[in-house]
1. State yes or no: is B:ASN39 under 29 Å from the mean Cα position of the chain (by Cα), assigned to a loop (DSSP other than H, G, I, E, B) and assigned by TED's automatic domain parsing to the domain that holds B:GLY150?
2. What are the residues in the stretch B:272-287 that are surrounded by fewer than 21 Cβ atoms within 10 Å (Cβ to Cβ), touching a residue at least 24 places away in the same chain (Cβ under 8 Å) and within 13 Å of chain A (Cβ to nearest Cβ), if any?
3. Give, as residue ranges, the strands (runs of 3 or more DSSP E) completely inside the stretch A:68-138 that count at least 1 residues that are in contact with a His (Cβ under 8 Å, 6 or more places away or on another chain) and open to solvent by 40 Å² or more (accessible area, probe 1.4 Å).
4. Collect the residues in the stretch A:410-430 that are open to solvent by 10 Å² or more (accessible area, probe 1.4 Å) and over 16 Å from the mean Cα position of the chain (by Cα), keeping them in residue-number order.
5. Among the numbered criteria (1) assigned to a strand (DSSP E or B); (2) within 12 Å of chain A (Cβ to nearest Cβ); (3) surrounded by 24 or more Cβ atoms within 10 Å (Cβ to Cβ), which single criterion is violated by B:VAL236?
6. Give the stretch B:249-271 a look and list any residue that's surrounded by fewer than 17 Cβ atoms within 10 Å (Cβ to Cβ) and free of Cβ contacts under 8 Å to residues at least 24 places away in the same chain, or say none.
7. Name the single residue that is nearest to B:ASP335 (Cα to Cα) among those in the stretch B:31-55 being buried (at least 19 other Cβ atoms within 10 Å of the Cβ) and in contact (Cβ under 8 Å) with a residue 60 or more places away in the chain.
8. What's the number of the condition B:LEU223 fails, among (1) within 12 Å of chain A (Cβ to nearest Cβ); (2) part of a strand (DSSP E or B); (3) aliphatic (A, V, I, L, M)?
There are 2 protein chains.
Amino acid sequence: MSSATFTLLLRSHLPEQCVLSHPEDLRPYECDALSAYRNTPLAVVIPETQQQVKTTLQLCSENRVPVVARGAGTGLSGGALPVTDGVLLSMARFNRILEIDTGNRTARVQPGVTNLSISKAAEPYGLYYAPDPSSQIACSIGGNVAENAGGIHCLKYGLTVNNIQHLEVLTVEGEQLTIGSAALDSPGYDLLALMTGSEGLLGVITEVTVKLLPIPATAQVVLAAFDSVEAAGTGVTATIASGIIPAGLELLDNPAIRAVEKFVNAGYPVDAAAILLCEIDGTADEVSAQIEQVSRVFRDAGAIDLQVSRNEAERQRFWAGRKAAFPAMGRLSPDYYCMDGTIPRKHLATVLAEIGRLSSEYDLPICNVFHAGDGNLHPLILYDANQPGELERTEELGGKILEICVAVGGTITGEHGVGMEKINQMCVQFNAAELTQFHAIKQAFDKQQLLNPGKAIPTLHRCAEFGAMHVHEGKLPHPELERF
Amino acid sequence: MSSATFTLLLRSHLPEQCVLSHPEDLRPYECDALSAYRNTPLAVVIPETQQQVKTTLQLCSENRVPVVARGAGTGLSGGALPVTDGVLLSMARFNRILEIDTGNRTARVQPGVTNLSISKAAEPYGLYYAPDPSSQIACSIGGNVAENAGGIHCLKYGLTVNNIQHLEVLTVEGEQLTIGSAALDSPGYDLLALMTGSEGLLGVITEVTVKLLPIPATAQVVLAAFDSVEAAGTGVTATIASGIIPAGLELLDNPAIRAVEKFVNAGYPVDAAAILLCEIDGTADEVSAQIEQVSRVFRDAGAIDLQVSRNEAERQRFWAGRKAAFPAMGRLSPDYYCMDGTIPRKHLATVLAEIGRLSSEYDLPICNVFHAGDGNLHPLILYDANQPGELERTEELGGKILEICVAVGGTITGEHGVGMEKINQMCVQFNAAELTQFHAIKQAFDKQQLLNPGKAIPTLHRCAEFGAMHVHEGKLPHPELERF
């Protein structure tokens, strides 16, 4: 069936306002926040009811037309990049909060609701939703589930997978599945975790029940400056080893500190090699006891300066710098590329040193601003897309950084997903047996390979072409990585 | 191939001491802790190396012989019940702790290691493994992963799935999979969660890396007595609503209190309709602040008596009664049947009342001792297996209790798994589309259906025979359950 005929078929089954197919209407859906990749879909469907989602999936399924689901399009790995011969299914109109259940401390919401609006709706009851990606004002909860999104507070409160309880999902054939339950555990295989982070490859989420937590009584931040990145890394591991789980523990290196201070006056020490921002939340007693303990740990690790927020305004100011870090990069460079890999905390200092070495080798500046407490790196590579070859060099450098993460026993993603961006690095992370098992699971949900095709899990053929550099914990066939 | 020929084949590939096939050697493996079901396997294999597990699986796979893996055999749902034409694969000799990594706070262990021995090995470093099933002195960590085991402390610290980080698994074809990573998140589908609680249907676990936590500085228990089960239920929901997550929150009803007090002198008030045991752990400041807060919550809920443990000996005494509850049942009745269902906390009082009504209807006494904080019920049905028909009546009553759990939005298992025991109730919990999806996942791992066949996920045919009473949240076609 031609694209035009299929579009007519969609129009004959769905209301006028639910189907877009004119080129100018399709343009906004060409990419998500990984805008280096762009495709025009054959049509965009924006359903308003569960039945319309079902109809769309059934039509696609029967006619073997690929479907890419999209939340708010804020994803950084290209998970919502359309395919040219497929439908882009926008869940933007599923934007209602259906129920706040204070007794069970849950919120039942539609997938297009933004992350932040859940916390806003829960606030009158003294509750909030803990995972807080930087994009929380815009990103949708459905997208958060699809990518297993994280955020500053996930160190203490867990990722999306730890904060949801129940999903309504449509399979690619339009069959409805109820996944999870109101209980801690659920019999049968753990489809709730399997669906979370599956990047739109297994089904379309039509409803999410999230867990809510009581808003902490109070919170304070310690800002600690160090004269070496190594000492800051020691501060991170020593904090966790001391038994404290901070509500957030972030690291900024010197290039990031300087960029941020030029942009917002957060009061960061511009000569420090690195700073740590450590937030403690809880009751007033707990917070003051742990702030004291963390300050001691940081001093023992060699902190050269310590500031503790004295009031809410100061706490906000300390965070303002961290939050402005990404926009601040715009002052330094026309473009930047945000990487996302995770490593065991104990390797922080060596990996940051290696990233510095690669930065010199590729002659591309790198700023580091990241979730140090859980070892989730976000190196920001600064480049200029108008310089011929610079994007390609940036991508190559980014790939190298991810391979270092794998070499030290970490992973190629912390919270942004694999999508299109890191599909080659999946060949580094997993061996053929593991990738084959992933494909078998895909097959169990989507025999025709229609949901978000070509993303997240590479074919073995692709890995062979890429060089299939599979490693586990240090056995990478790259001589320069041997020492990890 | 005959059973005898296949046993010869096993013997030709494995050392003498690894294969048992004489009838008297097979007897101890006929059942796990659900001893009402018994089967003699064709042979028992007790491998000592990963290669021997691999060989066993390859031989079974090539010859289409079923395999049931077994840890310590302490499971209560028949998950390790052998099949008569299959191999029972005992992982008992995989009993080494391979590494305690204090920096990353993990322990890498073989699957046959007991739950408690991990905490013992970690103790010198001030660390422990949090999930604590009642059988922790005997049960193996491999079995804990297979069943997603819980325990008293899982309310605060999560189930097994929340406390493991990394698995080595062999597929039924003997292919090795490395699952999970040292990082918080891992790319690809979440096989770590999928494997956890999959009851031996997807693969054989050969190594587990668990997370360790710092041993809390101190702990105290509040023992609160109530003159109605309803008031105790209110105490539970009000505690959680107040924002406190106790380290444990257990309920005993009057029959359980009386049984326990006759057996050990724990100092429980024998006239109370119910007691709550609430443990708080953490730093001394935290504990004293929260003990005060919980006491206030319990008083507001109508507690008629409150005792707070004044020292470690008293804390141990308060718990001694709870821990002796199961053995104490032996004083009351020749046999008992321990159920395991989970409900949303807010329904505690109504469900306990309904269980009381069913107890009268079936003329079988029931004691309730359970993890109230997470709504995980453990009704103990007292019966006499020597009275004709009494086991059957007990099983029918147990099935009714599980259906009530589903009817109020809960599940048929909290921590014991489905196994053989609850396979019919899976038809109540899930609809045909959901069961079909489960079977597709099984297919993705085990095409020939050789791993632990006939357990955990019922065929649609079986559900049709059982009456396929699928419900979701109160729409059960049983008139007597309509009011939930």
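1. Working: under 29 Å from the mean Cα position of the chain (by Cα): yes; assigned to a loop (DSSP other than H, G, I, E, B): yes; assigned by TED's automatic domain parsing to the domain that holds B:GLY150: no.
No.
2. Here is the first cut: in the stretch B:272-287, the ones surrounded by fewer than 21 Cβ atoms within 10 Å (Cβ to Cβ) are B:273, B:281-287.
Now narrow it down to the ones that are touching a residue at least 24 places away in the same chain (Cβ under 8 Å): B:273, B:281-284, B:287.
The answer is B:ASP281, B:GLY282, B:THR283, B:ALA284, B:VAL287.
3. Hits in the stretch A:68-138: A:106-109.
4. Those that are open to solvent by 10 Å² or more (accessible area, probe 1.4 Å) and over 16 Å from the mean Cα position of the chain (by Cα): A:ASN424, A:GLN425, A:GLN429, A:PHE430.
5. Looking at each condition in turn, B:VAL236 falls short on (1).
6. Scanning the stretch B:249-271 gives B:ASN265, B:VAL270, B:ASP271.
7. B:LEU34
8. If we test B:LEU223 against (1) within 12 Å of chain A (Cβ to nearest Cβ); (2) part of a strand (DSSP E or B); (3) aliphatic (A, V, I, L, M), just (1) comes out false.
The values are calculated or read from the model by the stated rules, or taken from the named source; none is laboratory data. Just so it is clear, the model here is predicted, and its values are computed rather than measured. For neighbour counting, all protein chains shown are included, and Cβ atoms are generated from backbone atoms with ideal geometry for every residue, glycine included. Heads up: the accessible areas ignore ligands, DNA and RNA and are worked out on the full protein's heavy atoms, side chains in. Shrake-Rupley method; radii C 1.70, N 1.55, O 1.52, S 1.80 Å.
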